[in-house]
Amino acid sequence: MKRYSVCGFSIRAIAQYVVPLIGIPDLPEYGDFSKYGKVVAALDIDTERIKIFNQRQKTIIPAYRPDEFEKMIKETKPDALIVAGADYTHAEYIIAGLKHNLDVIVEKPMTITSKQAKQVLEAEKKSKGKVIVTFNYRYTPAHKYIKKLILDGALGKITNIEFVYNLDTWHGASYFLRWNRNRKFSGGLSVHKSCHHFDLINWFVNDIPETVFAFGALNYFGSNSPFNPQKKSKRKLSLEEIKKRCPYYQKWVGEVVPLPESKHMQIYKDTFYLPYKVQYPKELYYYDEDIDIEDTYSAVVKYKNGASMTYSFNASTPWEGYILAINGTGGRIETMYVNTPSDRCPFPKPERQTITYIPLFGTRQIHDVPVVVGGHGGSDHIIKHDIFVSPTQESKELGLCANSIDGAYSVAIGEAVWMSAKKGIPIKIASLLD
């Protein structure tokens with residue numbers, strides 16, 4: 001049985017790793033991998049979160065502060081690290097784990113800068129440990145289906161990709177209530193969120209990104225937001241007054257029906273609703289002056305073998321999901337995915353995802369793919385099998401497991417998007433990753 005130490009006791013860490021390795025019968029949707037591994041330690045700046053979790057779940061996971069990493073390794077002797085805290089902490093813990101020859105499982109993004117990514121790659125070369133980046137987006141049924149079509153030659157040589165990704169006014173806005181809204185902690189949404197999308201396309205085309213040109217802006221959030229009630233007031237408004245006049249707050253507090261109370265819901269709350277006393281000493285809001293990232297991007301990415309991608313990202317739209325098309329000398333693949341939960345969707349949410357393949361000189365073919373229930377389109381559970389048990393045959397054939405080089409290229413594209421938008425010039429990926 002493998003021993004895991006968790007660096008960053010985030011909601012994501014608890015849901016994707018801690019709960020499955022403990023095996024909570026009342027939360028079967030998160031899976032039970034307790035016979036394959038155990039959590040022997042957890043490290044977080046808010047150690048109170050770990051202590052409260054132990055009290056509620058009757059576990060005895062030792063809690064360590066960030067300055068006690070070496071102590072944690074010495075006392076608990078893990079076989080591997082799980083790094084799932086705030087993005088700016090990832091590089092530090094990955095490198096520290098590799099110095100101890102530990103395998104490292106890291107949530108996306110691997111790092112928040114290309115410089116950090118290079119440091120991880122160098123540390124991995126000197127270590128017996130290996131890095132796995134959990135790009136679960138590769139694992140959704142639709143994406144695996146598209147990858148198989150590509151591998152079967154349906155597109156011939158890929159020429160260009162059209163990719164539009166939207167976050168709705170609930171999910172997109174949530175990033176501006178957390179540490180993600182500061183570039184020094186997240187690298188911006190072009191790194192934190194978009195690295196998922198960039199890795200997906202890198203994986204589809206099986207190629208190396210070469211050049212990025214982009215535009216970006218902060219259109220919806222921050223002190224200059226057109227929705228900021230303070231801009232229209234002649235006096236200083238309290239946070240409560242701002243909320244009462246804020247369309248985001250009014251939309252999601254006033255219109256979404258609360259989930260019914262139940263035993264399962266109480267267990268869910270007890271498991272994941274843990275206090276952040278150190279990280280959030282005060283309440284953050286959408287219109288704070290310290291927000292310094294973009295919420296909108298338009299970018300073009302050129303690949304080494306000639307393909308290109310146009311990419312559009314918007315963190316405040318009526319519905320969430322994507323529109324994707326891949327063109328090649330053999331034809332075109334089109335698909336659309338609505339990720340907005342039914343209670344937030346402004347139209348009837350599709351129950352299935354359709355993948356349309358149109359040969360260049362042939363008849364349209366429509367492939368129907370069921371939308372699987374579960375985190376990240378049902379991919380969270382499948383990737384846990386690859387991590388905690390062993391990669392499946394399908395995983396090996398499709399190359400589903402992402403490594404440190406995959407992580408580095410996705411970060412480099414995201415950083416290049418921000419740099420290009422800031423400087424108004426194309427950015428060469430080689431200038432960031434050598």
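The values are calculated or read from the model by the stated rules, or taken from the named source; none is laboratory data. Bear in mind the structure is a predicted one, so any value in this text is a computation, not a measurement. Don't worry about glycine lacking a Cβ; one is built from the backbone with ideal geometry, like all the others, and counts go over all protein chains shown.
Please work out if GLY378 is outside the structural domain of LEU121 (by TED's automatic domain parsing), buried (at least 21 other Cβ atoms within 10 Å of the Cβ) and in contact (Cβ under 8 Å) with a residue 40 or more places away in the chain.
No: the conditions fail for GLY378.
Against the definition (farther than 11 Å from ASN403 by Cβ and among the charged types (D, E, K, R)), how does LYS130 come out, yes or no?
no
Please work out which residue is farthest from TYR248 (Cα to Cα), limiting yourself to region 154-184 and to residues that are in contact (Cβ under 8 Å) with a residue 12 or more places away in the chain and of a type in the set (Ser, Thr, Tyr).
THR159
Of all residues in region 391-417, which are at negative phi, in a loop (DSSP other than H, G, I, E, B) and either of a type in the set (S, T, N, Q) or in contact (Cβ under 8 Å) with a residue 12 or more places away in the chain (or both)?
Selection gives THR392, LEU400, CYS401, ASN403.
Out of ILE293, ILE201, which single residue is of a type in the set (A, V, I, L, M), closer than 26 Å to GLN16 by Cα, modelled with pLDDT of 90 or more and within 20 Å of the chain's Cα centre (by Cα)?
The conditions single out ILE201.
Can you tell me which residue in region 106-133 is farthest from the chain's Cα centre (by Cα), limited to those that are in contact (Cβ under 8 Å) with a residue 60 or more places away in the chain and farther than 22 Å from LYS184 by Cα?
Restricting to residues being in contact (Cβ under 8 Å) with a residue 60 or more places away in the chain and farther than 22 Å from LYS184 by Cα, the top hit is GLU124.
If you take the residues of region 107-139 that are more than 23 Å from MET419 (Cβ to Cβ) and among the hydrophobic types (A, V, I, L, M, F, W, C), which of them is surrounded by the fewest Cβ atoms within 10 Å (Cβ to Cβ)?
ALA123
Output yes when any residue across region 205-226 is surrounded by fewer than 13 Cβ atoms within 10 Å (Cβ to Cβ), outside the structural domain of THR89 (by TED's automatic domain parsing), over 25 Å from the mean Cα position of the chain (by Cα) and assigned to a helix (DSSP H, G or I), and no when none is.
No, region 205-226 contains no residue that is surrounded by fewer than 13 Cβ atoms within 10 Å (Cβ to Cβ), outside the structural domain of THR89 (by TED's automatic domain parsing), over 25 Å from the mean Cα position of the chain (by Cα) and assigned to a helix (DSSP H, G or I).
Filter the strands (runs of 3 or more DSSP E) completely within region 306-389 down to those with at least 3 residues that are within 21 Å of the chain's Cα centre (by Cα).
In region 306-389, the matching strands (runs of 3 or more DSSP E) lie at 308-317, 321-328, 331-338.
Please work out if ALA173 is in a helix (DSSP H, G or I) and either among the charged types (D, E, K, R) or under 20 Å from the mean Cα position of the chain (by Cα) (or both).
So ALA173 passes the test.
Which pairs turn up if I take residues in region 317-334 that are over 20 Å from SER194 (Cβ atoms) and look for partners that are part of a strand (DSSP E or B) and among the hydroxyl-bearing types (Ser, Thr, Tyr) with beta carbon separation below 6 Å, at least 6 apart in sequence or on another chain?
Between residues of region 317-334 that are over 20 Å from SER194 (Cβ atoms) and residues that are part of a strand (DSSP E or B) and among the hydroxyl-bearing types (Ser, Thr, Tyr), the close pairs are ASN327/THR159; GLY328/THR159; ILE333/TYR357; GLU334/THR356.
Kindly indicate which of PRO281, PRO275 is under 23 Å from the mean Cα position of the chain (by Cα) and over 30 Å from ALA421 (Cα atoms).
It is PRO275.
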